[in-house]
Each structure stands twice: as structure tokens, then as C-alpha cells.
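Below is one structure, written out as C-alpha cells; comments come after it.
Every read-out reported here was derived from the displayed coordinates using simple, explicitly stated rules and does not represent laboratory data. This structure is a prediction, so every number in the text was calculated from the model and none was measured. Ideal geometry is used to build each Cβ from the backbone, glycine not excepted, and the neighbour counts take in all protein chains shown.
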Amino acid sequence: MYARTVKYLATALAFLFLALTGCGTSTPSKFYMLNAVTNPVKKSSQTEPERQVYIGVGPVEFPAYLDRQQIVTRVDENQVNLAMFHEWAEPLKDNFIRVFVENLSALDTRGLFVVYPMRGPASVDIQLEMEVVRLDGKLGGDVLLVARWAFFKKNSSEMPFTGKAEIREPTGSPDYRSLVAAQSKAVETLSREIAAHISRFLKN
């Protein structure tokens, strides 16, 4: 009887060990980041350089459903999915703002961009505010970036110059790496649109 009890106990311990080691080999999470523009505008050489313009970026508002570590994908217009093992390496809002400002700095030849809240004694000439309404997509489908923005001259009574962008980019493949690459491309397109508007705004 004692030997049989010991045998049963040993078998139970073996099953428990296998269960614990099995739990320890779960799928590891993968982490992703947006990337900045890969083909910036070349700075033209000028005999008389133009005065640098200080442009404040922010505040930038993000929807609450994107304020999470998991990557959000779209099932349909009323349903989203949170990835289990695919996450952002940093908060998406912070990643978006940093990449967006880096893009603008690479695309605009006159602007010196500072992020809200501005620090230091220097005041900005133009303030750019933005609300990101949507930044998600379907695996293997399209990414959609919807943003409203406005910029205005500081200490001016002029009405803000406003606009809205709806940008679609195909992912090309049903995986998260392709999804994030398409989101980066959408942010690049938005950056180019706003850089062009800033250039026209500065000429007025």
C-alpha cells in the first residue's frame, strides 16, 4: 500500500511539473514602434538664410481606446480587437508625437518645432493643435488615420487655419509588422500634408 501511494504521488508530481513548465513556455510578446520619414526633403542652400520660425506642436489629443499597450485592430466599424502578444514599445500617443515632429523637422526648411507644453523663454510664432480621431486598421486590410488640426499665429486676432485629414494606407500583409509599417506611412502622409499647409501659411 505504501509503495502504491508513493507511486501515485510521484506520478502526480510529474504531471504538476509538466503543467508548470508548460505555462512557462507561453508565446513571448512582440513590441513595435512607428518610424519617421525615410526620404526627407533636402535642404536647399541659400545665400541669405530665412529667419527660423518657432512652431509649437500641441496639445495633441488621442482617443481613449488607443490609450493602451496592446495594438488595437479593427474588426468592423463597431468592434475592435486587442492583440494578445503584440504591443507598443511605448505609449502610442508619445510615439506618434515624436515621429510626427521628427517628420515635420525633416520636411520643413524654416520651422524649429517644439513640443507642447513648451519650456524655456522662447515663444512660438505658430501653434499647431491636433486631435487624432482614429489610428487603426485591419490585418491584411487598410489602416485609417483621421485627424483634425488647426494652427494659428500667437498673439494674433486672425482666425485659426483648420483642416481635417483622412488617410488610408494598405497593409499588404495580414501581420502586425505590416500594420505598423502602414500606420507609419499614414503618419508620414499626414506630416507631408501639414508641412505643405505650414509653408503656405508662412507666406501669407
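Shape summary: segment 111-196 maps onto an equivalent ellipsoid whose semi-axes, from the alpha-carbon gyration tensor, are 31, 14, 9 Å in decreasing order.
Counting only DSSP beta bridges with both residues in segment 52-203, the antiparallel share comes to about 70 percent. Rounded to the nearest 20 debye, the dipole magnitude of segment 52-203 is 420 debye, with +1 charges on Lys and Arg beta carbons, -1 on Asp and Glu beta carbons, and the Cα centre as origin.
For Tyr65 and Met159, what is the calculated FRET efficiency with R₀ set at 35 Å and r taken between the beta-carbons, to the nearest 0.05? Approximately 0.65, to the nearest 0.05. Close amide H contacts of Leu139 (hydrogens built in the peptide plane, cut-off under 5 Å, sequence separation of 5 or more or a different chain): Arg74.
With R₀ fixed at 25 Å, the C-beta to C-beta distance from Thr27 to Asp175 puts the FRET efficiency at about 0.95. Peptide packing for 144-151, 52-59 was compared via the average number of neighbouring C-beta atoms within 10 Å per residue; ordered from the highest value, the list is 144-151, 52-59. Calculate the FRET efficiency for Leu202 and Asp142 from the Cβ-Cβ distance with a Förster distance of 22 Å, rounded to the nearest 0.05. After rounding, the FRET efficiency stands at 0.10. The listed peptides 73-84, 27-38, 126-137, 188-199, ordered by packing as a protection proxy, come out as 126-137, 188-199, 27-38, 73-84 (highest mean of other Cβ atoms within 10 Å first).
Distance between the pseudo-spin-label points of Val80 and Val53 (7 Å out from Cα toward the beta carbon): 3.4 nm. The modelled label-to-label distance for the pair Arg119/Ala89, using points 7 Å beyond Cα in the direction of Cβ, is 2.3 nm. Label-to-label distance for Arg192 and Glu131 is 2.7 nm, based on points extended 7 Å past Cα in the beta-carbon direction. Compared with the rule-of-thumb size 2.2 N^0.38 Å for a compact globular protein, segment 58-168 has a Cα radius of gyration ratio of 1.23.
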